[in-house]
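The values are calculated or read from the model by the stated rules, or taken from the named source; none is laboratory data. Every value quoted in this text rests on a predicted model; they were computed, and no experiment measured them. Please note: Cβ atoms are built from the backbone with ideal geometry, for glycine as well, and neighbour counts cover all protein chains shown. Quick note on the areas: whole protein, heavy atoms, side chains included, nothing else; ligands and nucleic acids left out. Shrake-Rupley method; radii C 1.70, N 1.55, O 1.52, S 1.80 Å.
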Amino acid sequence: MCGIIGIFNHSEAAKLATLGLFAEQHRGQESCGMAVNDGVTIKLRKKMGLVKEVFRPEKIKELKGKIAIGHVRYPTRGASSEYNSQPHIVETLSGPSYALTSNGDIINYNEIRSELEKEGVYFASTNDGELILKFIVYHVEKKGESIIDAIKIMMKTVKGAYSTVLSTKDSLFMFRDPYAFRPMSYGKTKENSVVVASESSALDILYMDWVKEVLPAEIIKVDDSGIQSNKNDPLQFRETDTEKHCIFEHIYFSRPDSFIFGENVFEVRKKIGSLLAENDPITPDVVVPVPDSANFIALGYARQKNIPFEFGLIRNHYVGRTFIKPEQTIRDESVYQKFNPLPNFFKGKIVSLVDDSIVRGTTLRKIVKLIRNSGAKEIHLRIGSPPVKHSCFYGIDTPTREELIANNKSTDEIRQYIGADSLSYLALDQLEKAVQEPQNFCYACFDGKYPVK
Ligand code: SF4
């Protein structure tokens, strides 16, 4: 999973892009980068690390220009390394320069790459964003296509998920794959600055007036003459009748304060919680979320059951990849550094513990043990999604099928492994009721019905 940002026509484009990336840090913590265009050259800075580490104020000052694009990365395609981080750029000595950043993943990557390599195109990484950029630049520079036409050829040929921003010396292009797997919307100011971001919450913190979500297969060009939309019939590029948004963006990935796929994330999560509570025979003393992603699901569940909602677990937000490994005498597992129960809270209580999903089950197992050791009488685990049985190929780094616990174990075996008194999931037909247009979503990690292969 990754987050993207694009800024057009702002004197402090790099500063805005940094703030936007910071708002999207939850979408990727491994590396981040930015390409800033001053009308002559592109300055690129990308490094392993968090936005606040890579883009310190003195570094932002060096990135002068009115067009900026940026990216936070959680690796899917391509190893975890600086050369696979984004943006990617192509500079020509006398001609145009291009920078591109994308969120998603390409399924026919190997095939497209080897076709381009046969034509002499050089690749510096194994990242899908570079493939999209090189494909477009090849068709513009070598085949004489316009950028818009090159993107359309790309949409016909390259299969997968991409919410993408491309900048040149004087323009910004934004486009989304015909399935619209990943979110992307844009906003603007009265002074005609334009910002495009993965999530609307990044636009909010930049005081942008939200305009709209980019449509499936739509290509939007922004330049000094304004915003021009090139709408395309997505059916000419895709294998399904409807778009296929990632349902997991609503369940877990996106921020609750974002508006994506035509709905507020926090409202979808509360609806998931209330559906989860329907026909649930358990009457707990208290409903506790696994913070933070399950907060709104647990709230919806508690309201539906009319049972108190409490934050029984406190999450430390500062435990990260760079955390110093403690001595063996200190609790050395990151889950225990990350979650701590409120003192004397769980003693003697019947608890409904609500989480968004179970992938491997290892973290939940430790959390349940923590709550059990704090004196809970019964722990009933309630999950706001169906069992995850299939891997994702559209931009989410799920483990292989063999590592997915629901692929190998029955619900009761998972309950035993995790150590809960009961376990139930939200059924797929119930999950479909949580969104307004269920036919427009991908559920492949639950049912294995991949929209594009
Ligand atoms: Fe989202 Fe799952 Fe579909 Fe991947 S397979 S796009 S995670 S719903």
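Here are the numbers for this structure:
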| read-out | value |
| --- | --- |
| Residue under evaluation V388, criteria (1) open to solvent by 10 Å² or more (accessible area, probe 1.4 Å); (2) within 16 Å of the ligand (Cβ to nearest atom); (3) at pLDDT 95 or above; (4) farther than 16 Å from G273 by Cβ, criterion not met | (1) |
| Qualifying positions in the stretch 312-362 - of a type outside the set (G, A, S), modelled with pLDDT of 95 or more and closer than 28 Å to C445 by Cβ | L313, V351, L353, V354, D355, D356, I358 |
| Members of the stretch 1-25 that are closer than 11 Å to A202 by Cβ and either out of contact with any Gly (no Cβ under 9 Å at 6 or more places or on another chain) or open to solvent by 40 Å² or more (accessible area, probe 1.4 Å) (or both) | L16, L19, F22 |
| Wholly within the stretch 400-451, helices (runs of 4 or more DSSP H) carrying at least 1 residues that are open to solvent by 70 Å² or more (accessible area, probe 1.4 Å) and within 16 Å of the ligand (Cβ to nearest atom) | 428-431 |
| Residue, least open to solvent (accessible area, probe 1.4 Å), within the stretch 44-69, restricted to residues that are part of a strand (DSSP E or B) and not β-branched (V, I, T) | A68 |
| Selection from the stretch 370-385 of residues that are within 20 Å of S293 (Cβ to Cβ) and either modelled with pLDDT under 95 or away from the ligand (no atom under 16 Å from the Cβ) (or both) | L370, I371, I379, H380, L381, R382 |
| Residue match in the stretch 304-316 (condition: in contact with a strand residue (DSSP E or B) (Cβ under 6 Å, 6 or more places away or on another chain), in a loop (DSSP other than H, G, I, E, B), surrounded by 17 or more Cβ atoms within 10 Å (Cβ to Cβ) and among the charged types (D, E, K, R)) | yes |
| Any pair with Cβ under 8 angstrom, 6 or more apart, that starts in the stretch 137-149 at a residue that is in a loop (DSSP other than H, G, I, E, B) and ends at one that is open to solvent by 30 Å² or more (accessible area, probe 1.4 Å) and modelled with pLDDT of 95 or more | K142/E119; E145/I153 |
| Enumeration of residues in the stretch 104-139 that are on the phi > 0 side of the Ramachandran plot and open to solvent by 60 Å² or more (accessible area, probe 1.4 Å) | G120 |
| Pair list, Cβ under 9 Å, 6 or more apart: the stretch 425-453 residue closer than 20 Å to K409 by Cβ, other residue open to solvent by 40 Å² or more (accessible area, probe 1.4 Å) and more than 14 Å from the ligand (Cβ to nearest atom) | Y425/T411 |
| Residues being of a type outside the set (A, V, I, L, M), more than 15 Å from the ligand (Cβ to nearest atom) and either within 19 Å of P451 (Cα to Cα) or in a helix (DSSP H, G or I) (or both) - total across the stretch 229-267 | 7 |
| Residue that is nearest to I4 (Cα to Cα), among those in the stretch 186-210 that are out of contact with any helix residue (DSSP H, G or I) (no Cβ under 8 Å at 6 or more places or on another chain), in a strand (DSSP E or B) and among the aliphatic types (A, V, I, L, M) | V196 |
| Hey, L364 away from the ligand (no atom under 16 Å from the Cβ), touching a residue at least 60 places away in the same chain (Cβ under 8 Å), outside any strand (DSSP E or B) and closer than 19 Å to F339 by Cβ or not | yes |
| The stretch 70-81 - residue that is open to solvent by 10 Å² or more (accessible area, probe 1.4 Å) and of a type outside the set (A, V, I, L, M) and, of those, modelled with the highest pLDDT | Y74 |
